[in-house]
Amino acid sequence: MIALRRSLRELSKADEARLFVRGRDADPEVARAVAAIIADVRARGDDALRDLARRFDRVELGALEVPREACDAALDALDGDVRAALEQAAAAIAAFHRAQLPPPLEIELRPGVRLGRRVEPLRRAGVYAPGGRAAYPSSVLMGVVPAKVAGVDEVVVCSPPGPDGLPHPAVLAACALAGADRVFALGGAGAIAALAYGTASVPRVDRIVGPGNAYVNEAKRQVAGTVGIDSPAGPSELLVVADESADPEIIAFELLAQAEHDPDAAVAVVATDEAVLDATAAALERMLPEQPRREIIAAALATNGALLFADSLEEAIAFVERYAPEHLLLLVREPRAALERVRAAGTVFLGPYSSVAFGDYITGANHVLPTGGLARAFSGLSVMDFLRSFTVQELTADAAAALARPTATLAAAEGLPAHGRAALARAGSTGGGDAAHGAPNAAPRGSSDVPPPGPHPGRERAPGWQGAWEGPPPPERLGRAGMTPPPAPAVRGTGLSPAPFRLRAAYADIGLYDPERVPVEVDLSDNTNLFGAPPAAARTLAALRAENITRYPPVFADELKAVLARMHGVAPENITTGCGSDDVIDSALRAFCDPGDAVAYADPTFGMVSLFARMNAARPVAVPLEPDFSLDTDALIAARARVTYICRPNNPTGTVVDAAAVLRVAERSGGIVLLDEAYADFMDEPPPDWLAVSDRILVLRTLSKAYGLAGLRVGYAVGPASLIREIEKSRGPYKVTATAHAAALAALTEDEPWVRDVVRQVRENRERLAAELGALGLRVWPSQTNFLLVQAPPLSGAGGNGESNPARRLGAELRGRGVAVRVFPGLPHAGDCIRVSIGPWPLMQRFLDALREVLA
């Protein structure tokens, strides 16, 4: 049954060849057949692919590409339990691979020398999903999800067709779930050739990943160099290292599981206890007849199975490095201690509960791994396979002058004088270098005499140059006379001074939020409540006791949460609060996003969202709204964002996106939807009960608009308790001040009639103002908020405010007449616009009067 039963000390050369040469030697016949297939696909393209389908898959293909509708239909028809498991696996894969995204790197290595590394996703990647003996939707997830996490523009999947001309329905469902952009019913070496070189139907990709049979792997080997490939991934492998504590039944289960993949699968055990090996062999004998795929398992055990005895754990671990398995399972008393000595494996499982099957499907680690002993040189598939990086170098004039001479010295040592002259040409750019100013020791322009290596007596070094052993120049003299600080102490063991403190590179170009507000008589720029303070809240603030100022407020605003919960018909566990709803956004991104995660948002929208994403080391992804300001749901779903932000009604457009579109994004994007309903109180119809229809939507609300408490900053979120708990962890304590807490309770419990009257007036004045603006010939977008978006007309004359942009000029002209509005130059699908907050009609009349003056 088992091909090999030996002690490691007794292994012969033939035994070692059987163990260590696993599928590494290419079969000449396979290589010739694959070369012919690749040449045929390159020459005849789609026609060759159809011939290959007839020959190997015994199917007549019409179109090679699978319609997106077929993938969606397969997902809809998928068994509910299977779909739930695939969704769980996809979420775990996305989470683990997001954590692998490299952070931005930029450092100032020495004054004026800035070095960085930029990481960019591939434009297009190909994922091969094998067919044949079984369907592998998990392989689709393992390839497509990391590519999407990396930000690859287009992910193309190829999988062999079945009798109906389509890949297995489970594979198609996984393609829809993972977000594959295109899917082709192609298998084998022909699919690899098509992805590598492109055909009329199949786009050429930058990298091909995914496991396959000998023909697929040989095809990947032959096209490597034309495209990138992942690590060689052949038949499955498992090596178990066990001591006397291991359960032989568990070992047998694991061997059977990996052997059922393929007759060429390799499974082996190295144990320090002969009794464990004996019991494992007995368990295999007993279990094999019960296995549905027993013929495949028996073939694998008879060909590449091994039960091996090691005199010690040290000897077993040494064998691991030589074997370099795809999967390594450590069933020993102290698996983490043993792990410290492991250097070569595709993936390692620790202890009796860590079944390899979990890693094959559900943990989130990738199961596309190197086989055949190549784990010594290759790593498993990761997000890095879908990224490429390049370095960025920037020098100031002073830094160039300082580095010119050592650069020229090294160039001379290597016999490359033009390099030296290129460096020395910069030496005089600040007036401090000698090359450009004819100093005695400078190489004359046009001369090939670059200074030889090393400083010479009488020859001045370029300003600022230091030998590597000398450290950087001393710091600048301080402002106080005679106070020159000593040089920075050297880091022991290097001879170099400590590097300067490195600020976050991601913050380098983040500016402070500036809504461009200036004091004016009539301020219609910030969408706050212009009808005054809510009466009960104002009375409460006037009657505050000293302890409301001198003592800390409630830690998590529990009383406020209880009142909000009653208002929304939910439990307090479904509510979190913050210092304004933007604070809740910030906390949510921190709670749900790992560094590098995508935060998608429908653009244009609330301008702070992209900044909050970057502040939290996430990656903002703007998805443009459609021309009618509706959601591009397909693009939002394709972004595969960890968090998707949607504002409903939207700021600054005032429009309301379709509720069904929001729900579709929540169901299909794979992440959380932050649904900002800051302006929901002004809508004509109340919003849906989102908590009743989705466990992926967090609704954001604020008391800054209809409730008139913008100055006190009270925001909150309503959502599933499991998500709320994570935000509470991220939020921190005391976010709602004692004064804000007291005023919010009063407004919510006593000021509802006042709020309803404010909302009524806003709606009436909004429609009245829109009609007045329309009568002036201005375009006004329909709004369900407390503001209007108005297209700025071109103004005649040069204007006296120095502005040429119509929106900025109109804003400046209105401000000159005592009225402020928010300016939006070049708003997508709208052009140059202004946004006008709605208030009591006398304020609206002041705005109209000023506008008519400007237009006149």
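Side notes on the structure shown:
- Convex hull of alpha carbon positions in the range 84-155: directionally averaged projected area 6.4 nm².
- Label assignment, P(r) over Cα pairs in 10 Å bins from 0, in percent derived from the structure, set (1) 2, 12, 21, 26, 21, 12, 5, 1, 0, 0; (2) 2, 11, 18, 20, 19, 15, 9, 4, 1, 0, 0; (3) 2, 10, 15, 16, 17, 17, 13, 7, 2, 0, 0: (3)
- Under the shape rule built on the C-alpha gyration tensor, where the axes satisfy a ≥ b ≥ c, the range 678-736 is oblate, since a/c reaches at least 1.5 while a/b does not exceed b/c.
- In this view, the solvent-accessible surface of GLU394, computed with a 1.4 Å probe and all protein chains in place, comes to about 120 Å².
- Each residue of the range 588-600 was assigned a 3J(HN,Hα) from its phi angle through the Karplus expression (A = 6.51, B = -1.76, C = 1.60, θ = phi - 60°), giving 5, 5, 5, 6, 9, 10, 7, x, x, 4, 7, 10, 8 Hz with x at Gly and Pro.
- Positive end of the dipole of the chain (Cβ unit charges, origin at the Cα centre): among ALA661, MET615, PHE378, the Cα lying farthest that way belongs to MET615.
- Taking the range 535-748 and dividing mean pair separation by its residue count, relative contact order in percent (alpha carbons under 8 Å, at least six apart): 30 percent
- Rounded, prolate or oblate (a/c below 1.5 giving rounded, otherwise prolate when a/b exceeds b/c) for the range 649-796 by Cα gyration tensor: oblate
- Of interest is the spacing of the C-alpha centroids, which for the range 554-630 and the range 41-95 amounts to 36 Å.
- For the set THR749, THR653, solvent exposure ranked by accessible area (probe 1.4 Å, protein chains only) runs largest to smallest as THR749, THR653.
- The range 756-855: mean projected area of Cα convex hull, nm²: 6.1 nm²
- C-alpha center-to-center spacing [the range 141-187, the range 195-233] in angstrom: 15 Å
- Vicinal HN-Hα couplings computed from phi for the range 721-728 (Karplus, 6.51 cos²θ - 1.76 cosθ + 1.60; Hz; Gly/Pro x): 4, 5, 7, 4, 4, 5, 5, 4
- Antiparallel bridge percentage (DSSP; both residues within the range 33-229; nearest 5): 35 percent
- Long-range amide H partners of VAL240 with built H, under 5 Å: ALA268, VAL269, VAL270, LEU329
- MET615 accessible area, assembled protein chains, probe 1.4 Å, Å²: 60 Å²
- Length gained on full extension, GLU334 to ILE549, computed as 0.36 nm times the residue gap minus the Cα-Cα distance: 71.8 nm.
- Most to least accessible of LEU329, LEU843 (protein chains only, probe 1.4 Å): LEU843, LEU329
- Straight Cα distances below 30 angstrom link LYS220 to the lysines LYS148, with same-chain residues fewer than 8 positions distant left out.
- With contributions of -39500 (n - 2.57) from each DSSP H run of at least four residues, the per-residue ellipticity at 222 nm computed over the chain stands at -11500 deg cm²/dmol.
- Sites THR396 and VAL518 - FRET efficiency at Förster radius 30 Å, r taken between beta-carbons, to 0.05: 0.25
- Rounded to the nearest 20 debye, the dipole size of the chain about its Cα centre is 2720 debye, using +1 on the Cβ of Lys and Arg and -1 on the Cβ of Asp and Glu.
- Using a Förster distance of 60 Å, the FRET efficiency for PHE56-GLU573 (Cβ separation, nearest 0.05): 0.60
- Listed by chain and number, the lysines whose alpha-carbon sits under 17 Å from that of LYS729, ignoring those within fewer than 8 places in the same chain, are LYS561.
- ASP76, ASP832, reordered so the largest accessible area comes first (probe 1.4 Å): ASP76, ASP832
- Exposure rule at most 10 other beta-carbon atoms within 10 Å, DSSP loop chymotrypsin sites (Phe, Trp or Tyr not before Pro): the chain longest free segment: 1-352
- The simple spin-label model puts a point 7 Å past each Cα toward its Cβ; for ARG6 and GLU559 those points are separated by 7.9 nm.
- Of ALA565, ALA39, LEU745, farthest towards positive along the dipole that unit charges on Lys, Arg, Asp, Glu beta carbons give the chain: LEU745
- The phi torsions of the range 808-823, fed into the Karplus equation with coefficients 6.51, -1.76 and 1.60 and a -60° offset, translate into couplings of 5, 5, 5, x, 5, 5, 5, 4, x, 9, x, 10, 10, 10, 8, 9 Hz, rounded to whole numbers, with Gly and Pro shown as x.
- Selected from LEU115, LEU86, CYS158, residue furthest toward positive end of dipole (the range 33-229; charges at beta carbon): LEU115
- Nonlocal amide H pairs with ILE229, under 5 Å, H built at 1.01 Å: ILE208
- Net charge dipole, the range 535-748: roughly 800 debye, given to the nearest 20, about the Cα centre with Cβ charges of +1 for Lys and Arg and -1 for Asp and Glu.
- The antiparallel fraction among DSSP beta bridges confined to the chain stands at about 35%.
- Between the C-alpha center of the range 245-265 and that of the range 707-774 there is a gap of 59 Å.
- Considering only beta bridges that DSSP places wholly inside the range 535-748, some 30 percent are antiparallel.
- Estimated FRET transfer efficiency when R0 is 56 angstrom, pair ASP695-ALA771 (beta carbons, to 0.05): 0.85
- Cα gyration tensor category, rounded, prolate or oblate, for the range 33-229 with a/c compared to 1.5: oblate
- Nonlocal amide H pairs with VAL657, under 5 Å, H built at 1.01 Å: ASN650
- Stretchable slack from ILE107 to ARG294, in nm (0.36 nm times residue separation minus alpha-carbon distance): 61.5 nm
- Normalised per residue, the accessible area of the range 756-855 is 42 Å², obtained with a 1.4 Å probe and no contribution from ligands, DNA or RNA.
- When nucleic acids and ligands are ignored and a 1.4 Å probe is applied, SER804 ends up with an accessible area of around 110 Å².
- Under 11 Å from a label point set 7 Å out along the Cα-to-Cβ vector of ARG504, the amide N atoms of the range 604-648 belong to 612-618.
The values are calculated or read from the model by the stated rules, or taken from the named source; none is laboratory data. Because the structure is a prediction, the values reported are computed rather than measured. A quick note on method: Cβ atoms are made from the backbone with ideal geometry, for glycine too, and the neighbour counts reach across all protein chains shown. The protein model used for the area step is the full one, side chains on, heavy atoms only, and it has no ligands, DNA or RNA in it. Shrake-Rupley method; radii C 1.70, N 1.55, O 1.52, S 1.80 Å.
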